[in-house]
């Protein structure tokens, strides 16, 4: 039986990608329009799509004819069986309730669970980054050949990015960029079903039964802090970026069934029984998945199990959808094999559109990687033309003025600065004012991980090391893992901060200890009294802290390198103390 085939066309720099042409045939093409407004390239793309449709139809007809045997010869229908276990790829950033249900109800002999974060760690073990980190985008580390998923389950909180109590997070931008890379196709393009178990994952920008203010109150009551809730409301209803639904349709392009929530979702402990009810009624779930390949019809059983919730179902973007061209453009912006001038021309074309704000989050990433000071003589004139787009400039600056303090506000302001619509001094003052507002919230309310994320986003865009010091940091920050993470992002130059980071090294909470050591490592060079107090930790029960503290001594030229004797270090006396402490481990 003819079940699947793959075509790859190359026409100049154009490669086209098409999925799910006609069931049961699965066709894969990859394309990208490489020149903004390039009529020749778009003509080639249309030709490729037309050829793809014709060839898909031909193969579909052959498949039908090949299978057109007399009914009596076919015999009774046999259940489909996987020749090997189907892979369930999970991204679990919050409580385990939902994932536990999948593990309980999916037969071990038919399903293999793959933890995407664990795969990332195994692919590139963390060196001296932040505790628990792998790289700037841990998701890319998980894109290994073995990661080919039949089912994807994401269980987390969602506010324009996935996050949760486990400390890790995953932004839509990271997912968007990863989904454009061929090495990540197994994670984003191959699944038969995707479960996005978090609030608003399939929300549109259309108004629903609630006003934005009412929705804000719902989110606050659902556990979001105000900054996070306001960010969700702006992205949910405002003009910036695509809707969450469209963004995730692009990410999981070609996936026939994507499930999520169009509004507030129940907490994990409440959705778990609904999932259990659904999976119990599925019988042979592996067989059902195989039989439903390419099927985009509504999953009535799932909707019945989630009755009374905002459960929604969509399909990933296909080449026949109008949104496919936008996805091509976005992937082109991320593609470092394309000339910068060509991508700047594409940026100009996108910002000239009435829906220009839809593309600003992606354009901010592109311009961050190619800032004005690094542009060539050929590229700078294109940026000048972008600066003259008055409609886009007014829309962006108006939104910067309107937004409350959030990572979104700083991201948008940073984009305006990169384009040249906001000068550096204005941007720095905006960052300072935003951080001050956050500190007012921190002094008045319990610290949240979202607040820390916003502060870290601010300092990622603009260093504030000299703007805040010990007097701005509430005492409880030093006893909390998130508080220490905030300090490590702020990296204050105030020398009074470092001694306050030493007591947490003796905390009973491993996370507090690790973040304390990490925060100290961000404040080099350290004074000798601080270094002396760190000597005992060169041999610590925690390998993480041992490695971090030894790195500190090496970075300051105290711990001998390459077998050099202590006398050849910057502080021989202290080097001998370190050597003596390290000798005690033998």
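Evaluate the following for residue 574: is it at pLDDT 90 or above, farther than 30 Å from residue 455 by Cα and surrounded by 18 or more Cβ atoms within 10 Å (Cβ to Cβ)? It would help to see each step written out before you state the result.
Working: at pLDDT 90 or above: yes; farther than 30 Å from residue 455 by Cα: yes; surrounded by 18 or more Cβ atoms within 10 Å (Cβ to Cβ): yes.
Yes: the conditions hold for residue 574.
Could you count how many residues in segment 285-313 are part of a helix (DSSP H, G or I) and out of contact with any helix residue (DSSP H, G or I) (no Cβ under 9 Å at 6 or more places or on another chain)?
Total meeting the criteria: 8.
Could you tell me whether any residue of segment 237-249 is free of Cβ contacts under 8 Å to residues at least 60 places away in the same chain and surrounded by 22 or more Cβ atoms within 10 Å (Cβ to Cβ)?
no
Assuming residue 290 fulfils every condition listed in (1) in contact with a strand residue (DSSP E or B) (Cβ under 9 Å, 6 or more places away or on another chain); (2) at pLDDT 95 or above apart from one, which condition is it?
Failing condition for residue 290: (2).
Per-residue answers, yes or no, for (1) within 34 Å of the chain's Cα centre (by Cα); (2) surrounded by fewer than 17 Cβ atoms within 10 Å (Cβ to Cβ):
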position	(1), (2)
469	yes, yes
483	yes, no
492	yes, no
499	no, yes
510	yes, yes
531	no, no
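Scan segment 380-392 and give yes if some residue there is under 23 Å from the mean Cα position of the chain (by Cα) and surrounded by fewer than 20 Cβ atoms within 10 Å (Cβ to Cβ), otherwise no.
No, that holds for no residue.
Which number in (1) in contact with a helix residue (DSSP H, G or I) (Cβ under 7 Å, 6 or more places away or on another chain); (2) without any contact (Cβ under 8 Å) to a residue 60 or more places away in the chain; (3) in a helix (DSSP H, G or I); (4) assigned by TED's automatic domain parsing to the domain that holds residue 576 marks the one condition that residue 533 misses?
Only one criterion in (1) in contact with a helix residue (DSSP H, G or I) (Cβ under 7 Å, 6 or more places away or on another chain); (2) without any contact (Cβ under 8 Å) to a residue 60 or more places away in the chain; (3) in a helix (DSSP H, G or I); (4) assigned by TED's automatic domain parsing to the domain that holds residue 576 is unmet by residue 533, namely (1).
Can you name the number of the only condition in (1) assigned to a helix (DSSP H, G or I); (2) over 26 Å from residue 159 (Cβ atoms) that residue 477 fails?
(2)
Residues that are surrounded by 22 or more Cβ atoms within 10 Å (Cβ to Cβ), modelled with pLDDT of 90 or more and out of contact with any strand residue (DSSP E or B) (no Cβ under 8 Å at 6 or more places or on another chain): does segment 421-430 have at least one?
yes
Can you pull out every residue in segment 375-394 that is closer than 14 Å to residue 420 by Cα and part of a helix (DSSP H, G or I)?
Going through segment 375-394, the residues closer than 14 Å to residue 420 by Cα turn out to be 375, 380-390, 392-394.
Across segment 375-394, the qualifying residues are 380, 381, 382, 383, 384, 385, 386, 387, 390, 392, 393, 394.
For residue 523, are the conditions met, namely being part of a loop (DSSP other than H, G, I, E, B) and touching a helix residue (DSSP H, G or I) at 6+ places or on another chain (Cβ under 6 Å)? Quick ask: steps written out before the conclusion?
Working: part of a loop (DSSP other than H, G, I, E, B): yes; touching a helix residue (DSSP H, G or I) at 6+ places or on another chain (Cβ under 6 Å): yes.
Yes: the conditions hold for residue 523.
Does residue 464 meet the test of being in contact with a helix residue (DSSP H, G or I) (Cβ under 8 Å, 6 or more places away or on another chain), assigned to a loop (DSSP other than H, G, I, E, B) and closer than 30 Å to residue 375 by Cα? Can you show your working first?
Working: in contact with a helix residue (DSSP H, G or I) (Cβ under 8 Å, 6 or more places away or on another chain): yes; assigned to a loop (DSSP other than H, G, I, E, B): yes; closer than 30 Å to residue 375 by Cα: yes.
Yes.
Of the residues in segment 71-100, how many are part of a helix (DSSP H, G or I) and at pLDDT 90 or above?
Total meeting the criteria: 4.
Tell me the residue from 377, 345, 341 that is in contact (Cβ under 8 Å) with a residue 60 or more places away in the chain and more than 26 Å from residue 203 (Cβ to Cβ), please.
345
Within segment 318-325, identify whether any single residue is under 25 Å from residue 173 (Cα atoms), part of a helix (DSSP H, G or I) and either more than 19 Å from the chain's Cα centre (by Cα) or modelled with pLDDT under 95 (or both), and answer yes or no. Lay out the reasoning, then the answer.
Applying the first criterion (under 25 Å from residue 173 (Cα atoms)) to segment 318-325 yields 318-325.
When the remaining residues are screened for being part of a helix (DSSP H, G or I), the result is 324-325.
Next, from what is left, pick out any that are either more than 19 Å from the chain's Cα centre (by Cα) or modelled with pLDDT under 95 (or both): 324-325.
Checked against the condition, which is being under 25 Å from residue 173 (Cα atoms), part of a helix (DSSP H, G or I) and either more than 19 Å from the chain's Cα centre (by Cα) or modelled with pLDDT under 95 (or both), segment 318-325 yields at least one hit.
The values are calculated or read from the model by the stated rules, or taken from the named source; none is laboratory data. Being a predicted model, the structure only gives us computed values, none of them experimental. Counting neighbours? That spans all protein chains shown, and the Cβs are built from the backbone with ideal geometry, glycine included.
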